[in-house]
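Step one of this worksheet: look at the structure below.
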Amino acid sequence: MNTQVATFAGGCFWCIEAAFNQLQGVISATSGYMGGQTANPNYRDICTGQTGHAEVVQLQFDPAVVSYRQLLEILFFLHDPTTLNRQGNDVGTQYRSAVFVHNEQQQAELQQFIAELTQHQVYPAAIVTSIEPVATFYPAEQYHQGYAAQNPNQPYCQFLVLPKLAKFRQQFATLQKPS
């Protein structure tokens with residue numbers, strides 16, 4: 001199997017990771033941190049907004065099953081790419097909209113995708129998603145991995161993550177892993 005890696009930031013990683021883990025072709029979706037200047041950051045560090053890291057989800061995927069373009073479509077469905085350093089009530093650079101590109105092909109596909117969205121005025125405001133070079137990926141603490149699935153009764157998950165996942169499942173039903 002030929003696998004590739006993609007790294008996305010779209011606000012809180014709990015929702016992004018939960019959605020991508022349900023996709024056919026995604027071998028793993030791991031919550032973590034990328035794009036900052038502090039070595040080995042932890043959740044408490046990045047929540048200060050002082051480390052420069054974003055909450056990210058790093059995917060290992062099989063492009064023969066799910067394309068990078070499809071992953072971008074899902075990312076842009078799951079979060080608002082028009083809000084700078086914010087997703088809903090989550091505010092700060094750690095919640096920025098960003099795609100960390102692993103190679104020139106990903107960068108070209110992302111630039112083309114954003115250009116198409118802009119041309120077709122899919123969003124009412126300008127897309128502010130940053131295109132950043134891949135940097136060191138720091139996996140988040142173990143309790144963050146699979147957080148939404150393990151904590152469905154947690155209020156943040158009940159009111160924000162689960163409704164977003166329901167919309168995601170409806171929109172991308174054909175790409176879901178079999179239950």
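The values are calculated or read from the model by the stated rules, or taken from the named source; none is laboratory data. All figures in this text were calculated on a predicted structure; none of them were measured in a lab. So basically every Cβ, Gly included, is an ideal-geometry build from the backbone, and we count neighbours across all protein chains shown. When the accessible area is computed, the model is the full protein with side chains, heavy atoms only, and any ligands, DNA or RNA have been set aside. Shrake-Rupley method; radii C 1.70, N 1.55, O 1.52, S 1.80 Å.
Can you tell me how many residues within region 34-67 are among the hydrophobic types (A, V, I, L, M, F, W, C), surrounded by fewer than 18 Cβ atoms within 10 Å (Cβ to Cβ) and farther than 15 Å from PHE137 by Cβ? Full working, then the answer.
First, the residues of region 34-67 that are among the hydrophobic types (A, V, I, L, M, F, W, C): 34, 39, 46-47, 54, 56-57, 59, 61, 64-66.
Cutting the leftovers down to surrounded by fewer than 18 Cβ atoms within 10 Å (Cβ to Cβ) gives us 39, 47, 64-65.
Okay, now just the ones that are also farther than 15 Å from PHE137 by Cβ, so 47, 64-65.
The qualifying residues number 3.
The residue that is modelled with the lowest pLDDT, counting only those in region 68-99 that are among the charged types (D, E, K, R) and open to solvent by 40 Å² or more (accessible area, probe 1.4 Å), is ARG86. When region 1-19 is filtered for residues that are closer than 15 Å to PHE137 by Cβ and hydrophobic (A, V, I, L, M, F, W, C), the ones remaining, listed by number, are VAL5, ALA6, PHE8, ALA9, PHE13, ILE16.
Looking only at residues of region 28-49 that are under 18 Å from the mean Cα position of the chain (by Cα) and among the hydroxyl-bearing types (Ser, Thr, Tyr), we find that the one that is farthest from SER97 (Cα to Cα) is SER28. Of all residues in region 170-179, those satisfying the criterion of being assigned to a helix (DSSP H, G or I), open to solvent by 100 Å² or more (accessible area, probe 1.4 Å) and over 17 Å from ASP80 (Cα atoms) are GLN170, THR174. Provide a single number: the residues in region 14-50 that are modelled with pLDDT under 95 and among the aromatic types (Phe, Trp, Tyr). So the count comes out to 1.
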